[in-house]
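Working notes, structure below.
Values in this text are rule-based calculations from the coordinates and carry no lab data. Values in this document were obtained by computation on a predicted structure and should not be read as measured data. Cβ placement follows ideal geometry from the backbone for every residue including glycine, while neighbour counts extend to all protein chains displayed.
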Amino acid sequence: MSFLHFILRMTVLGAFGGLWLLAGVYLYLSPNLPDVETLRDVKLQTPMRVYTREGDLIGQFGEQKRNPLPFDAIPDQFVKALLAAEDDSFFRHQGIDLMGLARAVSELVLTGQKGSGGSTLTMQVARNYFLSLERTFMRKFNEILLAIEIERALDKQEIFELYFNRVFLGHRAYGFEAASRVYYGKGIADLSLAQHAMLAGIPKAPSRNNPVSGPTAGKERRNWILGRMLELGYINQESYTEANAERDPAKLHGAQLTFSAHYAAEMARQEMLDLYGMAAYNDGFHVYTTISSELQKVGRDALINGLITYDQRHGYRGPEQRFPLPENNEVDAVEFWLDALGNIAVIAGQTPVIVTEVLEDKALLLLADGTQGELFWENGMSDVRPYITEDRRGSKPEAPSDLFKPGDMIRVVENEEGLWQLSQVPAAQAALVALNPNNGAIVTIVGGMGFELSKFNRATQAQRQPGSNFKPFLYGAAMEAGFTAASIINDAPVVLEDSSLEDIWRPENDGGVFHGPTRLRWALTKSRNLVSIRLLQQLGARNLITAADRYGFDTSDFTPDLSLALGTHAMSPLDVATGYAMLANGGYRVEPFLIDRIDDFHGETVFEARPLTVCRDCEQEPSQNEQAEELSMDEILAQQTANKDQFPAAPRVMEERVNYILNSIMEDVITRGTGRRALVLERSDIGGKTGTTNGPMDAWFSGFNQDLATTTWVGFDNYTPLGRREFGGTAALPIWIDFMREALVDSEDRERPLPTGIVNVKIDPQTGLLAGSRQSNAIFEYFRQEHVPASGKDSSSQSPGNQGTDDLVQDIF
């Protein structure tokens, strides 16, 4: 037998032996292999995404960053880059590459360890979805057998898609679309050839080859892949040369949010966690909120501008931090300061910079990106006055050196001329929340100056005294109990000895002025504290609590004492706005809600909000004919189907006519009261109320028309005073005006319909009684028909409050 025949025989015997070995291994392992059919229904861990009602992304939450794509959406250029990197025969083999596998198996047999490659994309899918990463001979056989089964069950596009969307690519990015957004800030369809090759090179060593953690190794791998693409005929020489020379711009990018609505996104995250537990982070939910994209931005800008305006009234507090160069230590100043700036965030557009040198007419600045800037003396710096207290400012500086030293970290903003201007992050905070009064949908919510500064959501979490912002609910409860807008209450000093209060209480009006007998309309318009206290004393604190509970407030912690008249019970801005939504919608209780709809990963709606919704027609009683009419079964079923599609009707909690009269008073707050600044909006359909607490600690303004109810609050988190000249009308109302100016652009200025049972008659403004026919100073007032006051000549039927001061109040004079 010739040597050639011997070699041939041994080869054949070896092949048969290998086949028998493979067959034996298959028979041994196949019963324990997982079912590859499960790959058709595989559930990738996909983060939750939160959107505005228009579909703008405002939040993304999940342990793994993933953006799955179908095969048809994957660019062909990237497909070729990945094939060149991992498996150029992918579309030709049946799951295994015999030549590569033979090389890999021989290395395993000889060394006991995995050496060179040999895994096809199909084998990597088997490993990623079913197997561990241990480097053993048995796992490799399982991988081979699973790859063969996967090729039988799925087509090539399905297999490629599974690999594309599952593979880990560093920095919590799973799948190439997610990696594209993490490293380049855009989708994979928008990347260059060089960037496609860079991503295709990551799977071999995700921590070492990704372009952020290992730019050098990543570039070497990228260029090798480009060479393979040229060799395989996927690209031409010109494309190769251009891509090989391309500078890689990779850096870490967060979720591509449309704009800042972090507080709303965080609220949605918490709600989703309550609903779905940890599955909320992994199951790819798409959460659509009630937030308006446009108005959210308007609200945030209004809040920031209002806080900055307030802050400028109180002076410059100096550098935010100081980073003087170390003494007797040779350091590179620029590198030292750049390192300091590296961890300082831009807040509300205010850029952190380091003062590097102070000259006679300017200060030189270093920005976080290493660029230089200048802050000129004549560009507003000369007008800066230093902060001493909230009520005092120091003298103007004479030179930049009076304000800065090298190493000071300050904030600047770019003005319209493109020049840097001194700024600072306000120490005060604020909140804004706007609701659709007809169903409680949260249209806008801003919980503070910036989420990067503080994640504490003051719109929902801050519990602050609303002060006079609460008075409309007292007046509404009183009018429901029989008081009228013309009821007379004495505006005079009182001393109260209430057993529920710790000490004798001597409440005062703002400014210390008293007006004697006062009509309720005028008292609420001018926010008279002592009238409110006397009104509550006559109404009864428990009656107010009962009414407030009906209006939608949580009254479980309300203390039944007379201080409730001045809004001393703490509540959140969202609580207050919800109450004002009831005033705005005609007297119906609605509940605030943020999540409008939840879609699962496949786009199927799994939740849809069904909020209490104002339905004015629902209150109309059916006629006797309608009640007597017998309905057929088809008509009954049709009616039930129609009712099923309707939202549940919001319950009426304030008498319609009382609500109308109270609204007319709150419109007076705007036209002639504490909210007169809002006249700049030039609207006749808005009402509202200021609120200022002792200190003053808290400044409020809440206002509305029939389409929107908005509350704004300003204060310090540490409960320090805002300054003696700061009130609801100076600190909070400007924010409300700036927001509502834009928010009401498309809202028609329309009158409220006059309810049945209301009359408008002339009264004597001094007594609140009907005026004589010839009385020259008579004014018109609205009344419920059954509460029209008596004529001034016949006072036998006076309404509550027209009978003088309660005996429980001790007059000082």
Rounded, prolate or oblate: pick one for region 317-423, where a ≥ b ≥ c are the square roots of the eigenvalues of its C-alpha gyration tensor, a/c under 1.5 means rounded, and failing that, prolate if a/b is larger than b/c, else oblate. prolate
Using modelled backbone amide H atoms (1.01 Å from N, in-plane), which distant-in-sequence or interchain residues come within less than 5 Å of residue 571's amide H? 464, 465
Assign one of three labels to region 219-346, namely rounded, prolate or oblate, based on the Cα gyration tensor with a ≥ b ≥ c the square roots of its eigenvalues; rounded applies when a/c is under 1.5, prolate when it is not and a/b is larger than b/c, and oblate otherwise. oblate
Order of 647, 470 from fewest to most other C-beta atoms within 10 Å? 647, 470
Would you mind checking 219/251; 80/204; 156/204; 455/526; 204/251; 405/455 for any pair whose Cα atoms are more than 25 angstrom apart? 455/526; 405/455
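Let me check against my output: what whole-number percent is the relative contact order of region 180-326, with C-alpha pairs under 8 Å and at least 6 apart?
Details: 102 pairs, mean separation 30.3, N = 147.
Relative contact order of region 180-326: 21 percent.
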Please list, in chain and number order, the residues 5+ apart from residue 488 or on another chain whose amide H is under 5 Å from its amide H, with Hs placed from the backbone. 802
Provide the packing ranking of 178-190, 563-575, 764-776, i.e. peptides ordered by the mean count of other C-beta atoms within 10 Å per residue, highest first. 563-575, 178-190, 764-776
